[in-house]
1. So how do Val37, Val30 line up by other beta-carbon neighbours within 10 Å, fewest first?
2. By the gyration tensor of its Cα atoms, with a ≥ b ≥ c the square roots of the eigenvalues, what is the shape of the stretch 16-168: rounded for a/c under 1.5, prolate for a/b over b/c, or oblate?
3. Let me know the shape class of the stretch 98-168, please: from the alpha-carbon gyration tensor, a ≥ b ≥ c as square roots of the eigenvalues, rounded when a/c is under 1.5, otherwise prolate if a/b is greater than b/c, or oblate.
4. How about the stretch 132-168: which chymotrypsin sites (Phe, Trp or Tyr not before Pro) there lie in a loop by DSSP and see at most 10 other Cβ atoms within 10 Å?
Amino acid sequence: MIKTLFKNSDDKNSDDYLIAHCDTAIAELVFDKVSLVKAFNYYHGVRDRFQFAHLEHNYGIGNPTSIEFIPLVRKHIDALVGEYLATNITPKISCKDKGTLTNMFRDKQLAISGNIAKLIKTHLTNSMFSALKQWILILRNNYKKFLIQQIEILFQNMRLPLKILFNI
């Protein structure tokens with residue numbers, strides 16, 4: 001809608017254009033937070049009328065006033081909040097002097113380079129294993145061919161002496 005109202009570049013520099021953009025951005029951000037309202041109602045024991053609408057439709061109960069809504073969630077949330085409040089707070093203290101910042105930057109760079117080295121090492125070992133596997137397959141095939149060739153040469157070389165030996 002804003003694009004159709006403001007077509008010229010002169011219109012886009014105007015206050016009306018900026019106000020219209022701000023209004024649309026706010027309108028996109030503001031919406032009904034249904035899940036937040038449901039959670040608030042569950043905690044405080046307020047019955048959701050849409051949740052009990054199936055009683056009216058399925059069983060013909062006009063107004064389920066005798067059905068009591070017991071908030072089972074509240075005690076569990078209170079227990080979790082109490083457990084959270086019982087944990088000790090570990091404050092994070094930060095120093096902003098030059099030596100501390102240098103050490104922090106150095107630790108960060110060492111961690112990054114260590115992760116890069118680990119990644120390169122795993123990639124290298126994987127590629128080495130695949131290359132070694134291919135080399136072994138090639139060597140095995142060539143070795144079989146070599147053995148067959150050597151056996152053929154051996155039988156060819158022994159053929160003549162065997163003929164002479166058996167003809168005598």
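Bear in mind these aren't lab numbers, they're just calculated from the coordinates by the rules spelled out. Keep in mind that what you see is a predicted model, and the values were worked out from it rather than measured. Here the Cβ positions follow ideal geometry from the backbone for every residue, glycine too, while neighbour counts run over all protein chains shown.
1. Ranked by crowding around the Cβ, least crowded first: Val30, Val37.
2. prolate
3. The shape class here is prolate.
4. none
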